[in-house]
1. How many of the residues in the range A:128-156 are touching a strand residue (DSSP E or B) at 6+ places or on another chain (Cβ under 8 Å) and of a type in the set (Ser, Thr, Tyr)?
2. Could you please let me know if A:Cys160 is in the same structural domain as A:Pro47 (by TED's automatic domain parsing), surrounded by 24 or more Cβ atoms within 10 Å (Cβ to Cβ) and at pLDDT 95 or above?
3. Sort out which residues of the range A:270-301 are modelled with pLDDT of 95 or more, among the hydrophobic types (A, V, I, L, M, F, W, C) and out of contact with any His (no Cβ under 9 Å at 6 or more places or on another chain), and write them in order of number.
4. Here are B:Glu30, B:Glu9, B:Glu46: which of them is away from every other protein chain (no Cβ under 14 Å), without any contact (Cβ under 8 Å) to a residue 12 or more places away in the chain, closer than 25 Å to A:Ala71 by Cβ and not polar (S, T, N, Q)?
5. Counting just the residues of the range A:61-76 that are at the interface with chain B (Cβ under 10 Å from one of its Cβ atoms) and not in a helix (DSSP H, G or I), which one comes out surrounded by the fewest Cβ atoms within 10 Å (Cβ to Cβ)?
6. Being within 14 Å of another protein chain (Cβ to nearest Cβ) and hydrophobic (A, V, I, L, M, F, W, C) is the filter here; which residues of the range A:102-140 pass it?
7. With the requirement that a residue be surrounded by 24 or more Cβ atoms within 10 Å (Cβ to Cβ), farther than 16 Å from A:Gln379 by Cα and among the polar types (S, T, N, Q), what does the range A:281-307 give you?
8. Out of A:Asp131, A:Asp124, report the one residue that is in contact with a His (Cβ under 8 Å, 6 or more places away or on another chain) and closer than 30 Å to B:Phe43 by Cβ.
Amino acid sequence: MSEAARRRVAVTGLGVVNPFGGDLLDFFARLMRGESAVRLYHHPASPSPLAQPAVSCPHFDAEAVLGRPLAGVCDRYSQLGVAAAFSAWEDAGLPRQNGGSDEYGVSWGTGVGGTLTFERGYADFYVHGKDRAHPLSIVLAMSNAAASHVAINLGLGSSCLTYSVACASSAVSIGEAMRRIQAGESELVVAGGSEAPLSFSVMRAWEAMRVVGQGDEETAYRACRPFQVGRTGLVLGEGAAALVLEDWEHAQARGARIYCELAGYGQSCDHTHLVKPDAYGQTRAMRLALREAGLDASEVGYVNAHGTATREGDPTEIEALRQIFGAHAENLLVSATKSMHGHLLGATGAMEALITVLALARGEVPPTAHLDEVSPDCQGVRHVMGKGLRGVPLKAALSNSFAFGGSNAVLAFKALS
Amino acid sequence: MDTLELLREFIKRRVVNPPEEVTLESRLEEIGVDSLTLLDLMFDMEDKYGVRMPDDLPRPDTVGDLIAIFEKLKPASNV
């Protein structure tokens with residue numbers, strides 16, 4: 001398809017289920033203050049004691065938000081996802097009562113899907129000696145359940161797709177939604193991701209990779225310190241985020257509030273290693289996103305980094321940023337908000353895209369929390385440290401997502417001129 | 001609580017927009033008990049009564065049909 005024929009894509013709605021329990025703007029305000037939601041999480045049903053720094057959503061009441069019948073047929077990852085999608089839908093000023101449209105779709109991302117349902121099933125068999133599975137196990141656990149519930153409940157009759165690309169899942173779901181709209185296949189897409197990864201086996205599996213940030217009751221809140229000297233790794237987080245993406249003219253015709261434009265999407269594969277990130281692969285994704293958005297690197301004011309706080313991941317990303325942004329890198333604002341909301345695996349791309357949209361629309365850049373001494377191998381960009389920055393005139397911003405498996409996805413957002 | 005009351009409680013809990021009245025004559029599909037909900041309901045009732053419904057049972061059409069199935073199974077399992 002020629003560039004000229006492509007439709008512009010507007011971001012018209014944002015929805016989130018976040019660990020602090022408040023609404024979208026409360027969440028963003030807390031991020032701006034550098035407030036961490038990381039706590040020492042004591043797994044409630046583990047066969048051996050398990051306490052790990054992690055982020056949960058203890059205030060989320062699925063029955064209250066979704067109603068009892070719907071909550072009952074959803075795994076927690078779907079509950080979180082549907083709630084975020086409902087919020088985004090409402091934020092976009094779309095009516096619930098009349099349903100959606102066959103021109104509207106859903107594009108979702110998740111990494112581990114219904115892992116809690118699977119784990120309960122295994123416990124029933126292996127621990128509790130049961131001889132049969134719950135009849136809803138499949139429909140609760142399947143990785144496209146969240147997307148399906150969103151489509152059913154909002155009446156979205158266009159494509160209903162789920163992407164599982166590890167930690168880039170929902171950046172991909174947003175980028176691919178953009179493609180559906182550009183191609184004229186959908187007028188509007190609810191795009192995002194959800195994750196509920198705090199199962200015993202998933203937490204233990206990440207621990208075994210020796211990439212989980214360390215901390216006890218007192219220090220867990222600062223367990224994830226991207227770019228910091230002595231960083232120890234990531235923290236798992238549960239939650240969900242959704243964006244309403246819309247054909248620009250469709251949005252204007254219905255008088256929608258437009259946050260910004262989703263102007264570019266780049267994806268690439270490192271094709272080098274299953275888990276070791278590669279700066280060259282990352283630069284290719286960023287370059288593609290910038291090119292599609294028609295942006296010169298110097299026009300980008302902020303990058304929400306993938307920034308997981310792993311020893312290898314952080315310097316590789318900074319190296320990629322230095323290569324792309326050249327002399328401008330020193331002025332480029334960079335932050336890794338995973339330090340506060342955790343790593344939502346398949347939902348983290350959507351969470352960080354949402355934060356990037358708010359940063360761009362409000363001219364406010366959240367910090368990397370707990371960063372006070374930048375590691376020598378992570379220098380060369382302007383790290384946002386301490387509190388967030390206000391009154392920052394931003395023309396464009398990127399959100400980076402780099403996954404195990406070597407899949408890279410970068411979203412480029414442009415401010416309203 | 002008799003079986004009809006148990007069913008009413010389940011429907012109230014699990015069905016979107018549950019009907020105000022559930023009678024023996026209520027057709028399951030019309031009161032929102034679709035195939036998935038029926039599976040869930042049967043699982044729930046099997047646990048409550050400690051019985052197992054055979055796989056080759058004819059699919060119940062009404063609330064009364066479903067109750068008849070459970071009533072038939074209950075004595076057999078001495079519950």
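1. Residues in the range A:128-156 being touching a strand residue (DSSP E or B) at 6+ places or on another chain (Cβ under 8 Å) and of a type in the set (Ser, Thr, Tyr): 2 in total.
2. So A:Cys160 does not fit the description; no.
3. Passing the criteria: A:Ala279, A:Ala285, A:Met286, A:Leu288, A:Ala289, A:Leu290, A:Ala293, A:Leu295.
4. Matching residue, one of B:Glu30, B:Glu9, B:Glu46: B:Glu30.
5. Result: A:Gly67.
6. Result: A:Ala133, A:Leu136, A:Ile138, A:Val139, A:Leu140.
7. A:Gln282
8. Exactly one of A:Asp131, A:Asp124 is in contact with a His (Cβ under 8 Å, 6 or more places away or on another chain) and closer than 30 Å to B:Phe43 by Cβ, namely A:Asp124.
The values are calculated or read from the model by the stated rules, or taken from the named source; none is laboratory data. These numbers come from a predicted model, not from an experiment. Methodologically, a virtual Cβ is constructed for each residue, glycine included, from the backbone with ideal geometry; neighbour enumeration extends over all protein chains shown.
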